[in-house]
Each structure stands twice: as C-alpha cells, then as structure tokens.
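Q: This is the structure I want to talk about, given as structure tokens.
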Amino acid sequence: MISNALSLMILIPLLGAAVSFFVGTRAKFVALIASLAPLLLSLQMYMEFDKSSTMMQFVESYDWVPSIGVKYTLGVDGIGFPLVLLSTIVSVLVIIYSWGETKKPNQYFALLLLNEVGVLGVFTALDFFLFYIFWEIVLIPMFFLIGSWGGPRKDYAAIKFFIYTHVASLVMLLAIFALYFTYQLPDGSRTFDMLTLLKATQNPEIFPPALLNIIFAGLLLGFLVKMPAFPFHTWLPDAHVEAPTAGSVVLAALLLKMGGYGLFRIIVPMLDYVDKAFITIIAVIAVLSIVYGAFLALAQKDIKKLVAYSSVSHMGFVTLGAVALVPLSIQGAMFQQFSHGIITCVLFMSAGTIQHVVGTRIIADLGGLADRMPKFAVIMMAGFMASLGLPGMSGFVAEFMTLTGAYATLPTYVMIVVFLSIVITAAYHLWAMQKAMFGPILRKYMDVHDPHAYELFSMSVIILLTLLFGLQPHLMTDIMGTAANQLLQPVATLSEMGVI
C-alpha cells in the first residue's frame, strides 16, 4: 500500500480545489482527476483491507500541537472505511453528473472537492481536535453551494442549514472539551486521542455518571442534528429543495452519514456507561424518524422534497439499528448508511434531471415522461425500487438485517409500527413514479428528451452498484461484521492494538 494513503486521499482533493479556483472552465477536468485519485486509493485499500482484524488499519500518527495533546492521527476500521469508499465513489460520480455546469464552474467544482476533503477527514480522524476541524470544514462548501447555486429561497435555506448544524456542532465541541479537561494521562498531560478518551469514559472514577450523561447528551445532539433525526430535521427539506442537484446529492449521500458515523464511533461505545434512559430516548427518536419521515414524504407535491423526507425515514433505520445493540442490527445499520448513500444519489439526480429537462418538479404537473425519456425512466424506476427496498437491491438487505437484529431486543409493538411504515414507504415511491413517468403524456412535454449522456452514466453506475451490493452484500458486510462485534466490547486504544 502507498505510504500515508489516507493523508493523500485528503490532500489531493484539497490541492485540486485550490487549483480549480484558477483554471476557469477547465476546473471540471481538474476536479475529475483530483477525485479519481482518492477513488483509486480507496479501491486499493479495499483490496488490502483485513476484514477479520479488530485493529485500526492504515494508521498515521504524528505530533501536531504536543503542548495541548493534539495529534494528527488517521486510521480506519470496519466503521469508517465503508464510508471512505462511499465518499470517493460519490465524489467522482457527482462531478461527472455536473459536467455541464456553466455558472462559475471553477468555484463550483472547487467546493465539491473541498466537501470531499471534509467528509474524508471526518471518517478517518482519530483525534477529537482533528475530527472537529474536518466536521466544521464541511459546512463551508455546502453553505456556498446552496447560497450561490440554489433556488429562489437559497439564502434562507443556506443560513438555516448553517445555524442548525453549527450550533449543534458547538454543543458537541463543549462535550469534547469536557472529555479533554476531565481526563489526564498517567504523566499528567492531556490528550484529544479519540479512542483513549472513549476508553476513559468507561471508568466511573474518572467520569462520574452525572458528568458522563451531560457529555453524552452533548455529543448525541451534534450527531442527531447532522443525520438529521426527528425533531432536529427541519433544516433538511429546505436545504435539499433549494440546493443545486450536486449539493443535494452530497448532502444526503455524505453529510448525513457523518451523524451516523458519530453514532457508531462514539455513541454506541458509551451506551453501556450512561443512564439507560438514553437507550429508550434514542429508540423513540429512531421510530419517530422512520414513521414521521415516511408520512411526510407521502404528503409532498415536490418530488425533490419527497426524496428529502424519505432520507429522514431511511436514516431512522440507522439510529434504530445502532440502539438495538446486537451485532446483526449494528451491521445492518452500517450497511444502511452505505446503501442509502448510494441510492439517494440516483433519487436526487432524478429530481434534478426532471427539473432542468422538464422545468418543474411538481408531481401533479408531470405525466407520461417515460414515453419521451425512456432511458431516464428505467434508471429512475430502478432507483425508486432500490429505495423502497426491492429484494435484490442493497436497500432491501440493509433494512432486512437491521430489522431482524432489532426484533431480538426491541418491543414487538415498536417493530410492528416500523414494519407498517415500510408500506407507506412503498406507497409514496410508487405513487410518485406512476404520476411522473407513466400514464398519458401531457402535450407540453412532447418535445422533452433523455438527459445528457454524462448524467445517464453517473446514474447508471449507481444502479449497478445497488445491484452489486444487493446481490453480493458480503462485499461490504464482511468488512462491517468484525467492527459490529467489536463495538459491543470495551474500547481498545491504538497503543493496546499495537498500532502505535
């Protein structure tokens, strides 16, 4: 493996973003090259990843600010690596999908690359200080993508997105500082090392229950808002509806996964040591997110807003699987993160394509588009089938694993409610497809046609991936399985793993 591969995956898009600002219309070529390099590195890492190991892999650790205990530490395991792979795949495809962007393309593609830098940093950082820096970096490109390339209410949506997520991040930062100032290493110094601090939370003599509960609540809030979970979700529909298509894709496929990653990396290892009421609270939030998101999606008139609320519902399965605290449910929830990250790409790309080809996203104003856009109709239908959980596609496997594992620990009546929500999920997907794609074609749409080849290419690759991981889920679940089991064990530090 190339030395310092994780650093290169972060550095190359960062340099690409800087170069893109100065090359005008050629920025898309720079962006494509700068995003392909991390993808190739992640594919090589996939080939070399030890699926049976419980240790962090591809670890890099250097002193950064030793006076305050800050280190530049990167590493991945079965929790982080699937999201690293997802980020590199999505970044390449969204750049290809946006190939025809003409409004300030240098800034547009630079922001997409900067977003990739942030999410890769979040999924690989093993130092809380570094983790928080990358967590906040992501806000910058998304704010400007919405504010500069968004719809009529773009300023409102951008500011709402920034305020919601930034305030929650500040609460999370206070919790991180509480961890930092409470724990001292044997030599009296302090550290931001993530695994070391998580291990320390398991000692009630260091972290009294009352203090630990407060810290846990602060961390949990930051992750739930980012996912987003009910009732912290209200920023999401506005951000999605006003964002450009690429912004919506990146937001749903990658930024939401940061919250889920936080659940697995930080929240689940702490659950055994905080008040048990938190488990009930998180479970209630998960079920409400699943049901509430599904019913709101069913009520939408705008197809993009329908997809936005469907994300709230689908991410509820991630929360549900995490809090069920059995290896199968955790593994299923991790796979749901990966699967939803792929599927939601084609859903938002479909909504964006309809907008710029037809001129509207209002479902009632569409009809018969399959007659004029046959290639697009096949891809969109496949994406919607994947999202509703059609067997043979990745969404079905993820939800089946999550629900099967959760059934063993959660009350039966809770599972019945969740199962009924799946019917609602199928209803809004099928209704939207029938209204938009089928039936008699409206006269005003006689001149529309299939979108550009580069858009169809990106969407087609995503459909192939949903089929690949739906028919061969072990390609990803085997990586996640060891991590899912390890999450229910005491946290091990990098030094105990023998990595550093």
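The values are calculated or read from the model by the stated rules, or taken from the named source; none is laboratory data. All values derive from a computational prediction rather than experimental measurement. Please note: Cβ atoms are built from the backbone with ideal geometry, for glycine as well, and neighbour counts cover all protein chains shown.
Q: For residue 384, state whether it is modelled with pLDDT of 90 or more, among the aromatic types (Phe, Trp, Tyr) and either closer than 30 Å to residue 372 by Cα or surrounded by fewer than 19 Cβ atoms within 10 Å (Cβ to Cβ) (or both).
A: yes
Q: Looking at 206, 146, which one is in contact (Cβ under 8 Å) with a residue 12 or more places away in the chain, in a loop (DSSP other than H, G, I, E, B), farther than 28 Å from residue 334 by Cβ and of a type in the set (Val, Ile, Thr)?
A: Among 206, 146, only 206 is in contact (Cβ under 8 Å) with a residue 12 or more places away in the chain, in a loop (DSSP other than H, G, I, E, B), farther than 28 Å from residue 334 by Cβ and of a type in the set (Val, Ile, Thr).
Q: Do you know which residues across region 384-443 are hydroxyl-bearing (Ser, Thr, Tyr) and closer than 20 Å to residue 282 by Cβ?
A: Of everything in region 384-443, those that are hydroxyl-bearing (Ser, Thr, Tyr) and closer than 20 Å to residue 282 by Cβ turn out to be 402, 404, 407, 409, 412, 413, 421.
Q: Looking at region 471-500, which of the residues that are among the small types (Gly, Ala, Ser) and surrounded by 22 or more Cβ atoms within 10 Å (Cβ to Cβ) is nearest to residue 63 (Cα to Cα)?
A: 483
Here is a yes/no grid of residues against (1) modelled with pLDDT of 85 or more; (2) in a loop (DSSP other than H, G, I, E, B); (3) more than 16 Å from residue 329 (Cβ to Cβ); (4) among the charged types (D, E, K, R):
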residue	(1), (2), (3), (4)
378	yes, no, yes, no
392	yes, yes, yes, no
403	yes, no, no, no
418	yes, no, no, no
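Q: Considering every residue within region 333-345, establish whether at least one is in a helix (DSSP H, G or I), under 30 Å from residue 202 (Cα atoms) and among the hydroxyl-bearing types (Ser, Thr, Tyr).
A: No, every residue in region 333-345 fails to be in a helix (DSSP H, G or I), under 30 Å from residue 202 (Cα atoms) and among the hydroxyl-bearing types (Ser, Thr, Tyr).
Q: For residue 137, are the conditions met, namely being within 25 Å of residue 68 (Cβ to Cβ) and either at pLDDT 90 or above or touching a helix residue (DSSP H, G or I) at 6+ places or on another chain (Cβ under 8 Å) (or both)?
A: Yes, satisfied.
Q: Could you figure out which of (1) surrounded by 24 or more Cβ atoms within 10 Å (Cβ to Cβ); (2) within 30 Å of residue 28 (Cβ to Cβ) isn't true of residue 238?
A: With respect to (1) surrounded by 24 or more Cβ atoms within 10 Å (Cβ to Cβ); (2) within 30 Å of residue 28 (Cβ to Cβ), residue 238 is out only on (1).
Q: Separate question: Tell me which helices (runs of 4 or more DSSP H) are completely within region 219-287 and hold 1 or more residues being in contact with a Cys (Cβ under 8 Å, 6 or more places away or on another chain), or say none if there are none.
A: The qualifying helices (runs of 4 or more DSSP H) are 245-250.
Q: Which residue out of 370, 364, 377, 333 is in contact with a helix residue (DSSP H, G or I) (Cβ under 8 Å, 6 or more places away or on another chain) and crowded, with 24+ Cβ neighbours inside 10 Å?
A: Exactly one residue qualifies, and that residue is 333.
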